[in-house]
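A short write-up of the structure that comes next.
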Amino acid sequence: MIPALDDSLSLETRLAPSYQLPLALLILGLGGGLLNLWLGSTVALFGIFLGVQAKLLTLVFTSQNLDIYRGTSLIRQFPYGDWQNWQIFYPPLPILFYFREVNSIHFLPVVFDPKTLRAALEQHIPLTKPLGDTSS
């Protein structure tokens with residue numbers, strides 16, 4: 001388990017949407033449509049879907065949980081006490097956010113500001129040992 005920080009040190013962090021990944025997929029899909037219409041259309045539609053999700057969903061790091069909102073409605077909470085690990089895949093161009101809880105694994109596309117996401121994760125759920133570190 002990853003220890004959560006003391007409540008008195010934690011502040012709420014609300015992540016702003018980022019449209020980089022949806023826009024990149026939309027452009028890739030439109031360009032790919034010149035080679036293969038079905039594949040290009042599928043990738044472009046996925047980019048549009050992620051853009052809509054970026055607009056509708058909000059991640060909020062509170063002192064105890066990662067809260068996910070759709071508009072103003074809370075749709076899911078992930079208590080930090082249940083987290084075992086997290087990682088943002090391909091940091092130079094973040095595309096996927098992974099976190100593992102005691103009983104489940106979650107993957108989220110990075111449709112939020114990646115720098116704020118990393119800072120909030122490091123503040124609220126600091127890793128005790130970086131992923132890939134095999135030293136004892």
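Entry note, the chain: relative contact order of 29 percent, from Cα contacts under 8 Å with a spacing of 6+ residues. Here is what passes the span test in the chain: the DSSP H helices with alpha carbon length of 18 Å or more along the helix axis and a Kyte-Doolittle mean of -0.5 or above are 37-56.
Taking amide H atoms as placed 1.01 Å from N in the peptide plane, the amide H of LEU96 lies under 5 Å from those of PHE89, VAL110, each 5 or more residues away in sequence or on another chain. Taking the fewest neighbouring Cβ atoms within 10 Å as the starting point, the ordered list for VAL43, VAL102 is VAL102, VAL43. With neighbours defined as other Cβ atoms within 10 Å of a residue's Cβ, the residues PHE107, PHE97 order from fewest to most as PHE107, PHE97.
Only Lys, Arg, Asp and Glu carry charge here, each on its Cβ (+1 for the first two, -1 for the last two); on that basis the chain has a dipole of about 400 debye about its Cα centre.
Considering only LEU93, LEU121, ALA24, and ranking their Cα positions along the charge dipole of the chain that arises from unit charges at the beta-carbon of Lys, Arg, Asp and Glu, the one farthest toward the positive end is ALA24.
Note on ILE48, ILE125: ascending count of other Cβ atoms within 10 Å places them as ILE48, ILE125, the fewest first.
What is the gain in length, in nm to one decimal, between ARG118 and ILE105 on full extension, counting 0.36 nm per residue of separation less the C-alpha to C-alpha distance? Provide the component values of the computation, followed by the final result.
Values: separation 13, 0.36 × 13 = 4.68 nm, distance 1.82 nm.
My answer for the length gained is 2.9 nm.
Any read-out appearing in this document is the output of simple, stated calculations on the displayed coordinates, not a laboratory observation. Remember, it's a predicted structure, so these values are computed and weren't measured experimentally. Every residue, glycine as well, gets a Cβ built from its backbone with ideal geometry; the counts of neighbours run over all protein chains shown.
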